[in-house]
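Okay, so here's the structure we're looking at.
Coordinate-derived values only; no laboratory data. Not measured: the values here are computed from a predicted model. Neighbour counts are summed over all protein chains in view; Cβ atoms, including those assigned to glycine, are modelled from backbone coordinates with ideal geometry.
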Amino acid sequence: MGPAPVSVEHTTLNPDAVYLSWEVDGKFFGDGREVALLEYIYARPDLEQLRGDPEKVLQAIDDFARSVRGLINVGLMKGAIVCDIITKHKPAVVLELGGYIGYSAIMFGNAMKKAGGKQYYSVEKSPLFAAVSTSLIDLAGLRDTVRVVVGTGAEGTQRLYDEGLISQADMVFFDHHKPAYTDDLKLCERLGVVGPGTLIVADNMVVPGNPRYLEWVRSSVEKKREMDKGAEGKGNPNLQYRNRSISSWEPSGQEDAMEITECYGIEA
């Protein structure tokens, strides 16, 4: 039996949500803009009004990205899609791979908290970005809800599992190193972090695209078993997935898409 058809949904571009260009002198991040963001926010005259208010902190980040320097955040347009998913799915535990400066952790961690959730884990490879993220999460009043873990996606996931902090996540958000998506999903499958009931949201299916990841999550159990034979990093091909694609927009104004994958069972 082949995989179920993938439903496709589309959203409309909101010009007011578009940032300045990401690319500056050939760089998209890591050129000092992340520290400049932190200095910008803590120098704002309305800083005290930002404290404990996740939405105002997000607005301040957006202000910087629209007036000073573009940031590689998930942005308002795609962010709204994920918040709607969280509101409906009501995850108690969320694992995010790729935290950057904390924009998605603040937005989604706040949505999870409002939906009755307990803990949001944000894994970020860069210690500098993780420090910026931690500071902004604290400013937003989410210190007790969102925890930042320094490491690659695989390192962070393994550490959280080994420390007994995550057994199975209710939702996983992939927004880190694109070639690592598939291997990190397979690690989550092996550990049981992804299992029946887990919802997986993967960003950047168009910009830059991730055909290897899409092939895995959209394939039938039978095909995944064949794909996993001889693979160095094995997953759990017996997990049954249902997928939908939502076409949306980067804050740069480029069209992109997110893959929403629901694990609904295990085939014997």
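Details
- Taking His176, His89, His10 and counting other C-beta atoms within 10 Å, the order from fewest to most: His10, His89, His176
- Cα centroid separation, segment 163-230 to segment 1-40 (Å): 21 Å
- Surrounding net charge for Glu259, when Lys and Arg each add one and Asp and Glu each subtract one, Cβ distance under 9 Å: +1
- Pairs of lysines in segment 1-155 (C-alpha under 21 Å apart; 8 or more residues apart or interchain): 14
- Acute angle (nearest 10 degrees) that the helix 103-114 long axis makes with the longest principal axis of the chain, alpha-carbon atoms: 70 degrees
- The magnitude of the dipole of the chain, with charges of +1 and -1 set on the Cβ of Lys/Arg and Asp/Glu and taken from the Cα centre, is near 560 debye.
- Net length gained if the chain between Asp63 and Glu23 were fully extended (0.36 nm per residue, minus Cα distance): 12.7 nm
- Computed per residue of the chain from DSSP H runs no shorter than four, each worth -39500 (n - 2.57), the mean residue ellipticity at 222 nm is -11500 deg cm²/dmol.
- For Ile81, net neighbour charge (Lys/Arg +1, Asp/Glu -1) across residues whose Cβ lies under 12 Å away: -2
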